[in-house]
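In what follows, a structure is listed as structure tokens, so that the remarks can point back to it.
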Amino acid sequence: MPSKVPIAVLISGSGTNLQALLDASHDPGFGCRIVGVVSDRSDAYGLTRARNAGIDTTVVEWADYDDREGFTDAIVEASLGLGAEALVLAGFMRILSPSAIERFPDAILNTHPSLLPLFPGAHAIEDTLAGGASTTGVTVHFVDELVDHGPIIAQEPVVVLPGDDVDALRRRIQEAEHRLYPTVVSAFGRGEIAVRDGTVEWMTDTEEAVL
Ligand code: GAR
């Protein structure tokens, strides 16, 4: 079996996407090995999920650094210290400096609860409802220098239902996210996804098979 890509999962909160990745990683065919979880908050529940799964954890508190560069360097060092070759952002609500992208080129993935480029930012679901969109969804993408931006790997639409509030819509978006993100992370680990000239190419027809 080909070797799995070692990944650090970066979180800030509840970690339901981390849990989906942890659960998926039990499958022998999962393309990545979760070598650690890095959080910018010591109270993130995702840290408990990681510890319950026997995964190493590191906390890099935003408040301990003077600026974004210092914080980013600490995140990169922590991830490298865990042996990570790629970063998987799972509800990580801080913006990393370009130095992280230089250190992990085309190897930082993010999931976002909207159909990017619509509704980037920390309040995507609230903004979707306020904007009156009838369809939203999930986007998994490589991270570039901009916020919630970079080559899109996969998207899954989610219909906005009449009467939806933030919690109801988030629940359905996360159901989709918890399927899509592990699928994409696994394919990344198996070397099935590449970026050429800023566009994602799938190396096999796995996209059709699984998405
Ligand atoms: C996820 O839905 C993720 O898409 C979103 O935060 C949530 C974290 O949930 N990320 C962003 O909004 C990034 N801009 P989780 O901690 O339960 O995985």
Report task. Pull out a ≥ b ≥ c, the square roots of the eigenvalues of the alpha-carbon gyration tensor of the stretch 84-137, then state rounded if a/c is under 1.5, prolate if not and a/b is larger than b/c, and oblate in the remaining case. Result -> prolate
Report summary line: Rounded to one decimal in nm, the spacing of the 7 Å Cα→Cβ label points at Thr204 and Ile95 is 3.7 nm
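Quick check on the chain: helices-only [θ] at 222 nm, where DSSP H runs of length 4 and up contribute -39,500 (n - 2.57) each and the sum goes over total residues. Nearest 500, please. Don't skip to the end; give the middle numbers.
Working: 7 runs with 74 residues, N = 211.
About -10500 deg cm²/dmol.
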Requested in this report: Would you mind giving the average projected area, over all directions, of the Cα convex hull of the stretch 124-181 in nm² with one decimal?
Outcome: 4.0 nm²
Requested in this report: Could you tell me the largest-minus-smallest coordinate of the C-alpha atoms of the stretch 13-84 on each of the three principal axes, in descending order and whole angstroms?
Outcome: 41, 23, 16
**Report entry** Relative contact order (%) - criterion: Cα under 8 Å, at least six apart; region: the stretch 1-115
**Finding:** 32 percent
Report task. Sticking to Cα atoms, compute the Rg of the chain to one decimal and its Dmax as the biggest Cα-Cα distance, whole number, in Å. Result -> 16.3, 48
**Report entry** Computed lengthening from Asp144 to Ala53, 0.36 nm per intervening residue step minus Cα-Cα distance
**Finding:** 29.7 nm
Query raised in the report: HN-Hα J couplings of the stretch 119-135 from phi, Karplus 6.51/-1.76/1.60, θ = phi - 60°, integer Hz, Gly and Pro as x?
Result: 6, x, x, 7, 10, 4, 6, 4, 5, 4, 5, 5, x, x, 5, 9, 9
Report summary line: Summed over the other residues with a beta carbon less than 12 angstrom from that of Ala124, with K and R at +1 and D and E at -1, the charge totals -3
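Rounded to the nearest 0.05, what FRET efficiency is calculated for Asp27 and Asp67 with R0 set to 30 Å and r the Cβ-Cβ distance?
Values: r = 40 Å, r/R0 = 1.34.
According to the calculation, E is roughly 0.15.
Restricting to Cα pairs below 8 Å that are 6+ residues apart, what does the relative contact order work out to for the chain? Please round to a whole percent. All intermediate terms of the calculation are to be shown ahead of the outcome.
Values: 411 pairs, mean separation 42.4, N = 211.
The normalised contact order for the chain reaches 20 percent.
No value in this document is a laboratory result; all are computed from the given coordinates. Please read all numbers here as calculations on a predicted model, not as lab measurements. Positions of Cβ are generated from backbone atoms using ideal geometry, with glycine treated the same way; all protein chains shown enter the neighbour counts.
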